[in-house]
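The values are calculated or read from the model by the stated rules, or taken from the named source; none is laboratory data. Bear in mind the structure is a predicted one, so any value in this text is a computation, not a measurement. So basically every Cβ, Gly included, is an ideal-geometry build from the backbone, and we count neighbours across all protein chains shown.
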Amino acid sequence: MRDYIHFADHLSTAVGKAFSWCIVVLMFGTCYEVVMAYAFNAPTLWNFDFSMQMYGAIFMMAGAYTLSTEAHVRGDVIYRLFKPRTQGYIDFVLYFIFFFPGVLALAFYGFDYAMLAWKIKETSWSSPAQIQIYMVKFMIPLAGVLLTLQGISEVFRCVICIKTGHWPARLVVAEETEKILMRTAQDEDQKDVI
């Protein structure tokens with residue numbers, strides 16, 4: 001199980017970091033549009049669709065990375081008060097009730113959706129540029145597959161936590177601001193003591 005967790009975390013991190021570069025591409029595209037529209041009075045027809053595709057790529061392909069780092073929004077007001085073993089049981093059950101049905105539907109129905117888009121050579125309907133978007137639609141089932149792989153890893157984490165009473169370490173951890181501030185305050189207190 002730990003080997004699979006390691007594999008899934010590395011895969012999710014690699015894909016998430018690779019697609020994070022879409023933000024840079026999106027920024028350059030937006031800057032180009034602003035310069036063309038306001039400096040040269042020649043706005044582009046394609047930039048709106050391009051921006052939507054870049055944002056969609058970031059959103060879809062970063063989901064597994066976000067899950068692997070525990071960075072998803074969680075209402076854990078009560079949950080964090082439970083012991084790790086109880087948290088493991090809760091997460092284990094909720095993954096099967098809520099998570100897997102959604103991501104498996106995303107993978108299976110997303111594949112049909114992407115195949116239909118490829119078959120009809122779908123173009124964008126939202127702008128006059130009518131750029132081709134059927135290739136980008138394959139990110140939908142791909143995101144579902146990556147989320148499924150990472151979800152299996154999270155279930156394995158739950159099983160390990162239930163058995164040992166401790167959560168396995170993560171490759172990358174997204175810390176809450178409150179924890180960072182508390183650690184910084186504790187470090188400063190320790191410096192004052194020394």
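Looking at A14, A37, A64 in this structure, which one is crowded, with 17+ Cβ neighbours inside 10 Å and not in a loop (DSSP other than H, G, I, E, B)? It would help to see each step written out before you state the result.
Details: A14 fails: crowded, with 17+ Cβ neighbours inside 10 Å; A37 fails: crowded, with 17+ Cβ neighbours inside 10 Å.
Going through A14, A37, A64 in turn, just one is crowded, with 17+ Cβ neighbours inside 10 Å and not in a loop (DSSP other than H, G, I, E, B): A64.
Quick one: in the range 82-101, which of the residues that are assigned to a helix (DSSP H, G or I) and among the charged types (D, E, K, R) is nearest to K163 (Cα to Cα)? Spell out how you get there, then give the answer.
To start, the set of residues in the range 82-101 that are assigned to a helix (DSSP H, G or I) comprises 84-101.
In the following step, the residues that additionally are among the charged types (D, E, K, R) were identified as 85, 91.
On the way: R85: 8, D91: 14 Å.
Within the range 82-101, the match that is nearest to K163 (Cα to Cα) is R85.
Would you confirm whether or not the range 146-166 contains a residue that is buried (at least 16 other Cβ atoms within 10 Å of the Cβ) and hydroxyl-bearing (S, T, Y)?
Scanning the range 146-166 turns up at least one residue that is buried (at least 16 other Cβ atoms within 10 Å of the Cβ) and hydroxyl-bearing (S, T, Y).
Taking A71 and the conditions (1) of a type in the set (G, A, S); (2) out of contact with any Asp or Glu (no Cβ under 7 Å at 6 or more places or on another chain); (3) assigned to a helix (DSSP H, G or I), which numbered condition does it fall short on, given that it satisfies the others?
Result: A71 fails condition (3) only.
Out of all the residues in the range 40-61, which are touching a residue at least 12 places away in the same chain (Cβ under 8 Å), over 19 Å from A143 (Cβ atoms) and loosely packed, with under 15 Cβ neighbours inside 10 Å?
Result: L45, single match.
Might you let me know whether the range 42-49 holds any residue that is among the polar types (S, T, N, Q) and modelled with pLDDT of 95 or more?
The first filter runs over the range 42-49 and keeps only residues among the polar types (S, T, N, Q), leaving 44, 47.
From the residues that got through so far, the ones that are modelled with pLDDT of 95 or more too are none.
The answer is no, given that none of the residues of the range 42-49 is among the polar types (S, T, N, Q) and modelled with pLDDT of 95 or more.
Could you identify the single residue in A185, A117, A143, A107 that is aliphatic (A, V, I, L, M), without any contact (Cβ under 8 Å) to a residue 24 or more places away in the chain and surrounded by 11 or more Cβ atoms within 10 Å (Cβ to Cβ)?
Numbers: A185 fails: surrounded by 11 or more Cβ atoms within 10 Å (Cβ to Cβ); A143 fails: without any contact (Cβ under 8 Å) to a residue 24 or more places away in the chain; A107 fails: without any contact (Cβ under 8 Å) to a residue 24 or more places away in the chain.
Result: A117 is the single residue among A185, A117, A143, A107 that is aliphatic (A, V, I, L, M), without any contact (Cβ under 8 Å) to a residue 24 or more places away in the chain and surrounded by 11 or more Cβ atoms within 10 Å (Cβ to Cβ).
Do we have Y4 as more than 30 Å from C161 (Cα to Cα), of a type in the set (S, T, Y) and in a helix (DSSP H, G or I) here? Reasoning before the result, please.
Values: more than 30 Å from C161 (Cα to Cα): no; of a type in the set (S, T, Y): yes; in a helix (DSSP H, G or I): yes.
When the stated conditions are applied, Y4 does not pass them.
State all residues of the range 40-61 that are in a helix (DSSP H, G or I) and either in contact with a Pro (Cβ under 7 Å, 6 or more places away or on another chain) or under 15 Å from I131 (Cβ atoms) (or both); if no residue qualifies, say none. Give the steps one after another, and end with the answer.
So in the range 40-61, the residues in a helix (DSSP H, G or I) come out as 47-61.
Listed by number, the residues that qualify are N47, F48, D49, F50, S51, M52, Q53, M54, Y55, G56, A57.
Considering only residues of the range 67-104 that are under 13 Å from R157 (Cα atoms) and under 19 Å from the mean Cα position of the chain (by Cα), which is surrounded by the most Cβ atoms within 10 Å (Cβ to Cβ)?
Looking at the filtered set, the residue picked out is S68.
In this structure, is T123 β-branched (V, I, T), closer than 30 Å to M52 by Cα, touching a Phe, Trp or Tyr at 6+ places or on another chain (Cβ under 9 Å) and crowded, with 16+ Cβ neighbours inside 10 Å?
Details: β-branched (V, I, T): yes; closer than 30 Å to M52 by Cα: yes; touching a Phe, Trp or Tyr at 6+ places or on another chain (Cβ under 9 Å): yes; crowded, with 16+ Cβ neighbours inside 10 Å: no.
Here the answer is no, as T123 does not meet what is asked.
Would you confirm, using the coordinates I've provided, whether A129 is surrounded by 16 or more Cβ atoms within 10 Å (Cβ to Cβ), touching a Phe, Trp or Tyr at 6+ places or on another chain (Cβ under 6 Å), over 29 Å from R74 (Cα atoms) and not hydroxyl-bearing (S, T, Y)?
Answer is no for this residue.
Hey, does the range 175-191 have a residue that's among the polar types (S, T, N, Q), farther than 30 Å from R2 by Cβ and not in a helix (DSSP H, G or I)?
No - not one qualifying residue is present in the range 175-191.
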